[in-house]
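Worksheet: one structure, shown below.
The values are calculated or read from the model by the stated rules, or taken from the named source; none is laboratory data. Bear in mind that the values here come from a model prediction, so they are computed numbers and not experimental data. In this analysis, Cβ positions are derived from the backbone assuming ideal geometry, glycine residues included, and neighbour counts consider all displayed protein chains. The accessibility values were calculated without ligands, DNA or RNA, using every heavy atom of the protein model including side chains. Shrake-Rupley method; radii C 1.70, N 1.55, O 1.52, S 1.80 Å.
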2 protein chains.
Amino acid sequence: MALSEFELIDIIRQECTLASADVVLGNGDDAAVLQVPPGQHLVACTDMLIAGRHFPLDTAPEDIGWKALAVNVSDLAAMGARPAWCLLALSLPSPDAEWLRAFARGFAELAVQHQIALVGGDTTRGPLSVTVTALGLVPAGSALTRAGAAVGDRVLICGRLGWAAAGLSLRLGGALAAGASDPAGSPAAQWIDALNRPVPLVAAGQALRGIASSAIDISDGLLADLGHVLRASGVGAELRVEQMPGHSELRQQLGSERARDCMLAGGDDYALCFTVPVERVDDALAALQASGAGQVADIGCICAGSGVVVLDAMGQAINLERRGWDHFG
Amino acid sequence: MALSEFELIDIIRQECTLASADVVLGNGDDAAVLQVPPGQHLVACTDMLIAGRHFPLDTAPEDIGWKALAVNVSDLAAMGARPAWCLLALSLPSPDAEWLRAFARGFAELAVQHQIALVGGDTTRGPLSVTVTALGLVPAGSALTRAGAAVGDRVLICGRLGWAAAGLSLRLGGALAAGASDPAGSPAAQWIDALNRPVPLVAAGQALRGIASSAIDISDGLLADLGHVLRASGVGAELRVEQMPGHSELRQQLGSERARDCMLAGGDDYALCFTVPVERVDDALAALQASGAGQVADIGCICAGSGVVVLDAMGQAINLERRGWDHFG
């Protein structure tokens with residue numbers, strides 16, 4: 001079915017346009033006009049997903065739509081921001097209305113959950129790629145950053161580690177084709193779901209404002225992303241692998257070594273990794289519980305120096321050679 | 001030269017990072033934190049350039065960098081906004097430091113001209129494409145839109161029409177290879193320059209706030225883009241081809257018919273098309289002159305009805321079959 005660019009944009013608009021009080025002028029002009037409430041800072045990020053690189057080529061369009069927005073919203077969550085608006089640039093090999101409706105449904109499903117208005121975009125013919133820009137709001141001065149971790153702080157994780165990587169290895173290994181379904185609730189089904197439908201921890205990020213000393217979302221793997229925090233903060237960290245969330249389920253299915261690889265170097269989980277001064281840990285846990293955030297785990301502490309040491313269950317340092325996934329690696 | 005994603009981002013940052021008072025937290029965290037001044041609305045848009053579709057494959061990387069930012073800044077200009085910040089998502093077939101430095105230089109050249117801070121981005125390996133999100137500011141309530149054209153208003157153009165299309169046809173026809181140089185100032189050299197280095201009319205857009213009844217930038221061709229204004233405003237327009245800017249130069253080189261095609265249907269010039277109530281035309285011209293905007297031309301008027309009628313030099317309606325370039329066409 002041949003569609004013009006304008007028809008494609010209309011399909012996306014139909015699925016995704018939300019009325020929002022702070023949208024002065026939405027989709028359909030040269031640019032959107034938006035109202036940032038007084039006392040709020042604007043928080044902005046952009047992330048691109050390329051077919052075959054950031055998701056398997058046979059990924060369902062609903063999942064691509066969801067994920068393209070989710071990975072950006074996760075960055076806002078890691079800043080403690082409330083998502084408000086987004087823009088979408090979509091390059092498609094051919095104008096396929098059915099594909100596009102499914103994509104827009106997945107995208108809109110997450111947008112509606114967080115009341116994110118799609119306020120602009122661009123579609124063109126080209127290799128399949130999706131670039132989303134997410135715009136959020138945070139009370140002035142209260143954004144969470146990567147730079148505040150201090151010696152003695154605890155390192156906590158909200159969400160799970162390594163499940164998306166386990167799901168990806170299942171998909172790439174051919175053990176599970178797109179659309180094939182393991183029994184609901186099985187580990188394989190949960191991992192594939194973690195890969196295709198990452199849940200940005202928006203409420204958790206906001207709950208941690210004024211409590212966490214630093215925060216980051218885990219997109220490229222724990223070691224790589226915590227590494228950013230450590231460099232920005234000028235500190236090191238000591239982690240305990242058996243305290244990592246999701247560890248026991250992964251180990252049971254994959255064995256110790258693969259489980260560890262997935263948790264330390266696997267990306268795409270969009271768990272929130274944050275640091276908290278020891279005396280604020282109870283506050284953090286209470287705030288997270290009140291926000292409805294799920295599993296929270298204390299995985300170690302910030303120490304002087306640089307880099308990460310990971311201890312195994314016996315307290316022995318693990319030889320870390322793997323690094324986070326480099327998109328040009 | 002193999003570079004990691006982080007090294008690539010560093011190269012872009014080195015060229016493009018501008019200190020800016022309203023950037024609370026720039027590049028290098030999960031997201032940027034930005035301060036929108038009181039009384040200002042945020043203006044946001046995104047546009048994607050795909051190699052081989054939006055620019056010839058052998059386009060110089062400096063020109064790709066400039067143009068990717070320019071086409072977005074042009075959208076801000078058409079809203080009457082002042083550009084403030086941008087985000088860049090870049091997909092590159094291979095990590096090439098030299099290419100990237102050249103790209104970043106072109107991008108930064110325009111960014112510095114308009115004091116636009118690059119506050120975020122994403123790089124990945126993939127087919128060459130560049131997606132920029134531009135963020136600007138406009139005094140609350142004063143954005144120019146597509147919806148205000150009224151019967152009797154004059155239709156004016158700031159900038160030139162059809163030169164980029166003429167340049168593209170030279171490039172695609174092989175008459176002029178990348179890097180080949182016609183005598184400076186020759187028509188061919190000017191057209192190629194119009195194609196590779198479009199100048200977003202930022203000062204002109206701001207000068208028209210409170211004066212123009214509607215505005216749009218010409219990215220897809222005059223007929224297509226003015227068509228958006230007419231539909232949004234519920235009116236029609238009558239234009240005179242011989243009053244169009246750049247017409248005589250184009251006709252002299254290309255003949256009447258090709259010149260007309262370039263001016264009516266050629267995209268990529270990023271001229272500003274705007275409407276002004278008759279009694280404000282002198283104000284508009286004075287404001288544009290004071291802003292340093294170049295050539296301004298009155299090309300016709302808004303009339304009741306819908307669609308565009310274009311009259312030739314004899315006052316005869318031209319049979320319009322061509323339409324603006326559809327990116328999925």
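Points 7 angstrom from Cα along the Cβ direction at A:Asp283 and B:Ala150: gap in nanometres?
Using points 7 Å along Cα→Cβ, the separation is 5.7 nm.
Out of the DSSP beta bridges found with both residues in segment B:5-139, what percent are antiparallel (nearest 5)? Spell out each step's value before the answer.
Details: 22 of 31 bridges.
The antiparallel proportion sits near 70 percent.
If you take the beta carbon distance between B:Arg53 and B:Val309 as r and set R0 to 30 Å, what does 1/(1 + (r/R0)^6) give as a FRET efficiency, to the nearest 0.05? Could the numbers behind the result be given before it?
Values: r = 31 Å, r/R0 = 1.04.
Between B:Arg53 and B:Val309 the formula returns 0.45.
Using only the alpha carbons of chain B, what is the convex hull's orientation-averaged projected area in square nanometres? Kindly include the intermediate steps, with their values, before the conclusion.
Values: hull surface 68.4 nm².
The Cα convex hull of chain B, projected and averaged over all directions, gives 17.1 nm².
After finding the eigenvalues of the alpha carbon gyration tensor for segment A:129-256, what semi-axes result from the square roots of 5 times each, listed largest first in whole Å? Before the final figure, lay out each step's value.
On the way: eigenvalues 181, 73, 33 Å².
Equivalent ellipsoid of segment A:129-256: 30, 19, 13 Å, largest first.
Sort A:204-214, A:224-234 for me by packing, meaning the mean count of neighbouring Cβ atoms within 10 Å per residue, highest on top.
Details: A:204-214: 23.9, A:224-234: 20.4.
The densest-packed peptide leads the list: A:204-214, A:224-234.
How large is the convex hull of the Cα atoms of segment B:35-88 per residue, expressed in Å³ as a whole number? Spell out each step's value before the answer.
On the way: hull volume 4.3 nm³, N = 54.
Enclosed volume per residue, from the Cα hull, is 80 Å³.
Quick check for me: using +1 on Lys/Arg Cβ and -1 on Asp/Glu Cβ, what's the dipole size of segment B:245-321 about its Cα centre, in debye to the nearest 20? If you can, show how the numbers build up before the last one.
On the way: 4 positive and 11 negative charges, 13 e Å.
It works out to roughly 60 debye.
Any residues in segment A:107-150 that have 10 Å² or more less accessible area with all protein chains than in their chain alone, probe 1.4 Å, and which are they?
A:Gly121, A:Asp122, A:Thr124, A:Arg125, A:Pro127, A:Ser129, A:Thr131, A:Thr133, A:Leu135, A:Ala143, A:Thr145, A:Arg146
If packing is taken as the average number of other Cβ atoms within 10 Å across a peptide's residues, how do A:20-28, B:235-243, A:59-67 rank, most packed first? Walk me through the intermediate numbers first.
Values: A:20-28: 17.1, B:235-243: 18.9, A:59-67: 22.0.
Averaged packing, sorted descending, gives the order A:59-67, B:235-243, A:20-28.
Just to be sure I understand the model, the point goes 7 Å from the Cα along the line to the Cβ. What's the resulting A:Leu172 to B:Gln295 distance in nm?
With each label placed 7 Å out from Cα toward Cβ, I get 5.4 nm.
Add +1 for every Lys or Arg and -1 for every Asp or Glu among the other residues with Cβ under 10 Å from the Cβ of B:His228, and state the total.
Numbers: positive: B:Arg146, B:Arg231; negative: A:Asp29, A:Asp30, B:Asp220, B:Asp225.
Charge balance near B:His228 sits at -2.
Round to the nearest 0.05 the FRET efficiency obtained for B:Asp96 and A:Gln316 when R0 = 35 Å and r is the Cβ-Cβ distance. Don't skip to the end; give the middle numbers.
On the way: r = 42 Å, r/R0 = 1.21.
So the FRET efficiency works out to roughly 0.25.
Hey, got the dipole for the protein assembly as shown? About the Cα centre, +1 on K and R Cβ, -1 on D and E Cβ, debye to the nearest 20?
260 debye
Taking the Cα atoms of segment B:5-139, report the difference between the largest and smallest coordinate on each principal axis, in whole Å and largest first.
44, 30, 22
Averaged across the residues of A:210-220, what count of C-beta atoms belonging to other chains lies within 10 Å of each residue's C-beta? Each step should come with its number before you reach the end.
Details: counts 0, 0, 0, 0, 1, 2, 2, 2, 0, 1, 1.
So the per-residue partner count for this stretch is 1.
For a quick protection proxy, order the peptides B:120-132, A:186-198, A:264-276 by their average other-Cβ count within 10 Å, most packed first.
Working: B:120-132: 24.2, A:186-198: 20.7, A:264-276: 26.2.
Peptide ranking by packing, descending: A:264-276, B:120-132, A:186-198.
Quick one: net charge around A:Ala60, please, counting Lys, Arg +1 and Asp, Glu -1 for every other residue with C-beta under 15 Å from its C-beta. Don't jump to the answer; show the numbers that get you there.
On the way: positive: A:Lys67, A:Arg101, A:Arg105, A:Arg171, A:Arg197; negative: A:Asp58, A:Glu62, A:Asp63, A:Asp96, A:Glu98, A:Glu109, A:Asp193.
In short, -2.
In square angstrom, what is the accessible area per residue of segment B:252-292 with a 1.4 angstrom probe?
Values: 1920 Å² over 41 residues.
Accessible area per residue: 47 Å².
For chain A, what does the helix formula give at 222 nm: sum of -39500 (n - 2.57) over DSSP H segments with n ≥ 4, over the residue count, nearest 500 deg cm²/dmol?
On the way: 10 runs with 113 residues, N = 329.
Dividing the helical sum by the residues of chain A leaves -10500 deg cm²/dmol.
Given the C-alpha centroids of segment B:195-250 and segment A:85-141, what is the distance between them in whole angstrom?
Value for the Cα centre distance between the two parts: 28 Å.
Averaging over all projection directions, find the projected area of the Cα convex hull of segment B:192-320 and quote it in nm² with one decimal place. It would help to have the intermediate numbers written out before the result.
Details: hull surface 31.8 nm².
One quarter of the hull surface, i.e. the mean projection, equals 8.0 nm².
Principal axes first, then extents: for the Cα atoms of the protein assembly as shown, list largest minus smallest coordinate on each axis, whole Å, largest first.
On the principal axes, the protein assembly as shown reaches 91, 48, 45 Å in Cα extent.
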